[in-house]
Amino acid sequence: MQPAPVDVRPAAAPAVPDVPPAEARPMAAKLALQAVDQLQVGDEAAAKATIEQALKLDPANDLAKKLLDQINADAQRELGAVYFRYTVQPADTLSKLAQQYMGDRFRFWILAKYNDISNPSRLGAGQVIKIPGRQPVTPPAQSSSRRRASSRQRPRRRPNPDRNSPTR
């Protein structure tokens, strides 16, 4: 008895069902955001498959194209050799830092790759990472810094009853 022949063809990507054009764009956008979630936990392979599905539905989906570019990019070559060191603060995420220093929160994945971080969701306070480019003279504004600045204002003085009393 001979063994059954083995199929050695590579597995095909999951087929995208026929979707009406009116539904294709929103479905692709949803898939692109799903890929963001997958990248946030370091699942690049699943994210890539999800992005490919999104691009089959909507080849013009900007987020899917940007994410795929980051997955395929050499982070060191893409972001350059010039960087500054940054100490991660308790409320920081790679998405927040990518927005603050690179102008796009969705560039978190290439920033993770630049720092050899396999799971961006595990970024920890006190960790020192590289931020591409030159260190700004003053850090870019962020919403939490405004709150901190307002809390640094001098407290109002309470009236001193002795001060307002008639002279002795």
> Using beta carbons and a limit of 9 Å, which pairs, at least six apart or on different chains, have the first residue in the stretch 20-44 and surrounded by 17 or more Cβ atoms within 10 Å (Cβ to Cβ) and the second one part of a helix (DSSP H, G or I) and among the acidic types (Asp, Glu)?
Replying inline: 32/62; 38/44
>> Of all residues being loosely packed, with under 12 Cβ neighbours inside 10 Å and among the basic types (Lys, Arg) in the stretch 46-98, which is farthest from residue 36 (Cα to Cα)? Just the residue, please.
In response: 85
>> Going through 89, 76, 127, 38 one at a time, which residue ends up being at pLDDT 95 or above and touching a helix residue (DSSP H, G or I) at 6+ places or on another chain (Cβ under 6 Å)?
In response: 38
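The values are calculated or read from the model by the stated rules, or taken from the named source; none is laboratory data. Keep in mind the model is a prediction, meaning the values are calculated, not measured. Methodologically, a virtual Cβ is constructed for each residue, glycine included, from the backbone with ideal geometry; neighbour enumeration extends over all protein chains shown.
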